[in-house]
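Visitor: Shown below is the structure under consideration.
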Amino acid sequence: MRKAVQVSCGDNYTLAVLSDGSVWAWGSNWNGELGIGEKGGIFATPVRVKGLEDIVMVSAGKDHNLALRRDGTVWAWGRNEGGQLGDGTRESKLVPVQVKGLKDVVMVAAAEGHSLALKRDGTIWVWGFNSDGVLGLNEIVTHCEVPLKVEGLGEIVSIATNRYLVFALRKDGRIVAWGEKRYKYLCGDIDLWDKRKFIIIDKLEDIVAIALGENHAVALRQDGRVLTWGVFEYDLWRENKRIFPVLIERELLEDVRMIAAGYKHALVVKGDGSVWAWGMNRRGQLGDGTVVSKVFPVRVRGIEGVVSISGGGWHTVAVKEDGSIWGWGFNYFGQVGSRDGVVREEDYVITTPVEVFDKSFFG
């Protein structure tokens, strides 16, 4: 029996990788995000992305996606105005196409208009829009239709990106950052910011995982402790704007194994499989049974044994050990999902996790 092993949330849709290497998608398809050969409509029940097999990882951007095959090649589909699909064109694609010239890739990351790939040798390759230097290339480059190598970073082991910034985790546990200077507070409020330079973020050591939301960042330390900084919700600005990384108190979070960031909310999975969340909660994306935003982590109700989790624009989706898919938050576009394909008005906002697709759903 095939089952879900990984999920990635876009703004209004969700992708899932199954144990057989196939990729499935559900939610909004207005820009061909679901990869089914057509665009338009809402699909609350998963549809299979065409032409993909042997996939080990997916990354959903705003309205384009990346898929990593076991052989180290990368495939992409969706919007492509800035060349973010990396196929040498700026034409959007309704089904996956191979990203040109990439092999030996071990990780991918998609944002609003650009894409990243991490190779086995620790190098980062980028393509798409170069808004305010987010690609880490020469400032005269406006966009790139095929992958280019980012020079001068050292050996990288993980990557994270949002619309404005890129974080690269070095082998030594330090984070290198670059991108738009308006978001310098995510890099320690550096006064002498140059978007062509790379910045090592202060007060961060022994980091093993990183995640970026729209205006906030989360980092996981080797000892299982979590640091967070940035802005999670504008109406809580005075309470939760943190310029420098802040270590979350041990009483609130410890023994963390996994982190993720949605648009304006953060998620962690602890060693016992429980899920904790904080940040914006206007559509129930924190899963605590309310629509009240939280400055400090709260436990997500009724779910444990989570092995993969992802935050989208206003929703959250997780995979449990048994391969079942659970979701909560905003479901207007079917991005959380519905087994019968119908999104009822009472299900537009789901404030606690529901099992949307059980372990037998995919057969």
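Just so you know, all these numbers are worked out from the coordinates, no wet-lab data involved. No experiment lies behind these values; they were computed from the predicted model shown. Cβ: placed from backbone, ideal geometry, glycine included. Neighbour counts: every protein chain shown.
Visitor: Evaluated at 37 °C with a viscosity of 0.692 mPa s, what Stokes-Einstein diffusion coefficient in µm²/s does region 214-363 have when Rh comes from the Kirkwood expression over alpha-carbon pairs? List each step's numbers first, then the result.
Guide: Working: Rh = 15.4 Å.
Stokes-Einstein gives a translational diffusion coefficient of 213 µm²/s.
Visitor: Could you please report the charge total around residue 291, scoring K, R as +1 and D, E as -1 over all other residues with beta-carbon less than 10 angstrom from its beta-carbon?
Guide: Numbers: positive: 282, 283; negative: 288.
Summing Lys and Arg as +1 and Asp and Glu as -1 gives +1.
Visitor: Continuing with this model, one more query. Step through the table entries 62/264; 171/264; 264/294; 3/320; 119/149, compare each Cα-Cα distance with 18 Å, and write down the pairs that go over it.
Guide: 171/264
Visitor: May I ask you to derive the relative contact order of the chain, considering only C-alpha pairs under 8 Å and at least 6 residues apart, and to give it as an integer percent? Spell out each step's value before the answer.
Guide: Working: 1165 pairs, mean separation 49.9, N = 363.
It rounds to 14 percent for the chain.
Visitor: Just to verify a number: FRET efficiency for residue 223 and residue 1, C-beta to C-beta distance, R0 = 45 Å, to 0.05?
Guide: Working: r = 37 Å, r/R0 = 0.82.
Efficiency computed from Cβ-Cβ geometry: 0.75.
Visitor: About its Cα centre, what dipole magnitude does the chain give when the only charges are +1 on Lys and Arg Cβ and -1 on Asp and Glu Cβ, stated in debye to the nearest 20?
Guide: On the way: 45 positive and 47 negative charges, 62 e Å.
Once rounded to the nearest 20, the dipole reads 300 debye.
Visitor: Same structure, new question: On the Cα set of region 1-103, report Rg and Dmax in Å, please.
Guide: Using the Cα atoms of region 1-103, the pair Rg, Dmax is 12.3, 40 Å.
Visitor: Please report, largest first and rounded to whole Å, the three semi-axes of the ellipsoid equivalent to the chain, where each semi-axis is the square root of five times an eigenvalue of the C-alpha gyration tensor. Before the final figure, lay out each step's value.
Guide: Values: eigenvalues 155, 135, 65 Å².
The three semi-axes for the chain are 28, 26, 18 Å.
Visitor: How high is the relative contact order of region 214-363? Use alpha-carbon pairs under 8 Å, at least six apart in sequence, and give a whole percent.
Guide: With pairs under 8 Å counted, the relative contact order is 17 percent.
Visitor: Counting helices only, and only those DSSP H runs with n ≥ 4, report the 222 nm mean residue ellipticity of the chain as the sum of -39,500 (n - 2.57) divided by its residues, in deg cm²/dmol to the nearest 500. Don't skip to the answer; put the middle values down first.
Guide: Working: 1 runs with 4 residues, N = 363.
Mean residue ellipticity at 222 nm (helix-derived): 0 deg cm²/dmol.
Visitor: With a sphere of radius 11 Å drawn around the Cβ of residue 222, what net charge do the other residues whose Cβ falls strictly inside it have (Lys, Arg +1; Asp, Glu -1)? List each step's numbers first, then the result.
Guide: Details: positive: 221, 225; negative: 205, 206, 223.
My count for the surroundings of residue 222 gives -1.
Visitor: Let me ask something else about it. What ranking, highest mean first, results for peptides 165-174, 287-296, 209-218, 337-346 when packing means the other Cβ atoms within 10 Å averaged over each residue?
Guide: On the way: 165-174: 19.1, 287-296: 17.1, 209-218: 24.1, 337-346: 13.5.
Answer by packing, highest mean first, reads 209-218, 165-174, 287-296, 337-346.
Visitor: If each residue's Cβ is checked for other Cβ atoms within 10 Å, how do 265, 143 rank with the fewest at the top? Walk me through the intermediate numbers first.
Guide: Details: 265 30, 143 17.
In order of increasing Cβ crowding within 10 Å: 143, 265.
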